[in-house]
Amino acid sequence: MSDFKLPSLGADMDAGTLERWLVAPGDTVKRGQVVAVVETSKAAVDVEIWQDGQIEELKVQSGQKVPVGTVLATLRTTVPTRDQTPKQTPELIPEPTPEPILKTPTRSSDKSTPDRPQPISSKAQPAQTTQAAEQTVPAVPAPTQPVPASASRVRISPAARKRALKIGLDWSRLKGSGVQSSVVLADLEHISQAKQVSAASPSGVLAGRQQAMRRAIAAAMSRSKREIPHNYLSESIPMTLALAWLQQHNAGVVITERLLPAVLQLKAVALALQQVPQLNGHYVDGEFHSVDAVHAGMAIALRGGGLVAPALHDVQSKPLTVLMRELTDLVKRARAGSLRSSEMSDPTVTVTNLGDQGVESVFGVIYPPQVALVGFGAISARPVVEAELVCARPVVTASLAADHRVTDGHQGALFLTALRELLQSPEQLEMP
Amino acid sequence: MNMNRDQLKSTALDVLRGIAPEVEPNTLEPAIPLRHQVDLDSMDWLNFLIGLHERLGVNIPESENANLVTLDNVLDFLQAHGQD
């Protein structure tokens with residue numbers, strides 16, 4: 001028997017609203033299976049289970065907002081081994097104690113979506129079983145508004161629930177026209193039409209969500225700047241060889257297999273991090289924990305504003321074509337607002353590429369609890385001295401923002417040198 | 001199945017809106033670089049070309065990338081290389 005808890009969804013998210021369960025008690029589940037959808041300020045997150053087993057009891061109901069670490073369900077485990085628990089579970093990588101600014105999003109996000117039901121029942125207390133969970137949520141966001149006690153008792157069809165969540169509608173006071181007075185889709189249509197005429201238009205809901213995301217980013221970045229003594233380094237990297245290799249590769253494949261320079265850069269970052277592992281991992285409770293695999297948090301700008309940096313897993317061991325495919329998929333899903341819990345919780349480093357906007361370089365803000373951010377500017381023709389002659393060559397400025405508590409400029413310099421060298425032998429980047 | 005320019009344009013805008021839903025097709029200037037008018041990064045642009053490739057069966061070699069800048073450029077290319 002084990003508890004399945006709401007995993008950490010990143011430093012800027014300390015709670016989520018369970019939108020719906022995809023499993024029922026008695027169902028057999030496999031490790032990695034998506035078992036629930038949790039709504040956060042950034043995306044609807046597909047929450048994966050990290051153990052094989054059988055669902056015993058669902059502890060949290062749809063529509064409930066609960067803090068990270070809350071037991072969502074209990075699981076009968078078939079093989080009771082601890083080894084099956086991946087490193088990324090909240091038990092082993094506790095999220096640092098939320099700052100005061102992080103303790104209030106319940107209240108503040110309520111303001112932006114006043115109609116969204118957020119019942120917080122006693123079940124929403126954080127799990128007391130592990131020390132980590134206690135540290136993660138020392139102060140349970142106390143119910144900051146009267147709990148709509150009836151919310152859990154009002155029946156609502158899954159389709160109607162989805163719609164209601166989407167339009168930010170509180171169904172707790174509705175009397176539905178379905179079986180046992182359950183609220184059905186048709187009931188919502190009437191109301192949402194009426195609402196559109198009044199203040200809460202869909203664009204208003206969208207604006208509310210963007211506001212919530214802005215606040216989440218503000219909290220994480222403020223904490224980063226408060227806690228992390230950043231140091232910055234940059235290096236001009238010649239891209240002549242990498243682009244020539246890329247051109248040759250792309251000429252020989254169909255358009256769907258084409259690679260972008262960003263993918264070469266990403267792979268080079270992962271391989272360079274393997275040489276300087278002190279930049280890859282998490283800083284938790286005054287201690288750095290390095291991670292062997294490179295799970296690169298890809299900074300993705302969302303259309304209409306906002307930013308999310310979900311993980312692309314095991315970059316160091318994947319061929320370029322696989323990375324390209326996975327990156328394309330990740331960007332698509334991030335912009336559609338559908339990400340997986342493992343992608344949200346376990347990036348070990350962030351990679352940001354602002355070259356498409358034409359800037360020369362970027363000096364990033366580290367996303368806690370990570371300890372480094374690698375940035376790339378635009379690849380542009382610049383004067384380069386070769387054999388005592390000045391020539392125009394494609395060059396990119398790579399930058400590193402690193403946590404000075406963990407590394408010094410020396411390690412950063414080693415990393416950027418390794419990165420430059422790797423990009424001079426692009427054929428090697430294809431190898432794992 | 002030959003498409004005329006208007007049909008090609010409507011397909012191209014359709015693909016573009018799949019990538020950048022905020023685009024207002026009526027406001028796009030066909031002779032001004034698309035990426036000056038729409039916030040498209042290099043991945044968006046590649047996805048735009050892949051979308052055209054998939055919808056129209058037109059092969060767009062990477063060497064053409066530098067020539068495809070405006071909507072007019074794209075439509076010219078599609079007209080010249082469309083299947084017969």
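Structure summary
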| read-out | value |
| --- | --- |
| Zero-based 10 Å bins, Cα pair distances in the stretch A:380-432, whole percents | 20, 35, 34, 10, 0 |
| Average Cα contact separation per residue, chain B, under 8 Å, 6 or more apart, as relative contact order % | 43 |
| Number of partner chain Cβ atoms within 10 Å, mean per residue of A:392-401 | 0 |
| Cut-off 18 Å, label 7 Å out along Cα→Cβ of A:T256, residues of the stretch B:59-81 by amide N | B:59-62 |
| Cα-centre dipole for the stretch A:230-429 with unit charges at Cβ (Lys and Arg positive, Asp and Glu negative), debye to 20 | 660 |
| Gained length - A:Q274 relative to A:S236, 0.36 nm times residue gap less alpha-carbon distance | 11.6 nm |
| For the stretch A:230-429, the fraction of alpha-carbon pairs in successive 5 Å shells from zero, as % | 1, 8, 16, 20, 21, 16, 11, 5, 2, 1, 0 |
| Potential extension, A:E430-A:D329 segment - 0.36 nm per residue separation minus Cα distance | 34.4 nm |
| Shielding by partners, peptide A:293-303 (average Cβ within 10 angstrom, other chains) | 1 |
| Within 10 Å of each Cβ in A:252-258, the average number of Cβ atoms from other chains | 4 |
| In sequence order, calculated HN-Hα J values of the stretch A:382-397 (Karplus, 6.51, -1.76, 1.60; Hz; x Gly/Pro) | 9, x, 10, 8, 10, 6, 6, 10, 8, 10, 8, 9, x, 9, 10, 9 |
| For chain B, projected area of the alpha-carbon convex hull averaged over all directions, nm² | 5.0 |
| Cα→Cβ-extended label distance, 7 Å offset, between A:Q210 and A:T321, nm | 4.0 |
| Long-range HN-HN contacts of A:L72 with modeled amide H, under 5 Å | A:F4, A:K5, A:L6 |
| Theoretical ellipticity at 222 nm over chain B - DSSP helices of four or more residues, -39500 (n - 2.57) apiece, nearest 500 | -16500 deg cm²/dmol |
| Inter-site label distance for A:T77 and B:A66 at 7 Å from Cα along Cβ, in nm | 5.9 |
| Spacing of the two label points (7 Å from each Cα toward its C-beta) at A:F288 and B:Q7, in nm | 6.2 |
| Amide proton proximity set for A:V47, modelled H, under 5 Å, gap of 5+ | A:V35, A:A36, A:V37, A:V38, A:S341 |
| Antiparallel content of DSSP bridges confined to the stretch A:326-432, in %, to 5 | 75 |
| Which of A:D46, A:D3, B:D6, A:D346 has the fewest Cβ neighbours within 10 Å, and the rest in rising order | B:D6, A:D3, A:D46, A:D346 |
| Over 31 Å between alpha carbons, listed pairs A:K332/B:K9; A:K30/A:K225; A:K42/A:K267; A:K59/A:K267; A:K267/B:K9 | A:K30/A:K225; A:K59/A:K267; A:K267/B:K9 |
| Under the Karplus curve 6.51 cos²θ - 1.76 cosθ + 1.60, θ = phi - 60°, whole-Hz ³J(HN,Hα) for the stretch A:290-304, x wherever Gly or Pro sits | 7, 10, 5, 7, 9, 9, 7, x, 8, 5, 10, 6, 8, 5, x |
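Every read-out reported here was derived from the displayed coordinates using simple, explicitly stated rules and does not represent laboratory data. What you are looking at is a predicted structure, and each value in this text was computed from that prediction instead of being measured. FYI the Cβ positions are ideal-geometry reconstructions off the backbone, even for glycines, and counts take in every protein chain you see.
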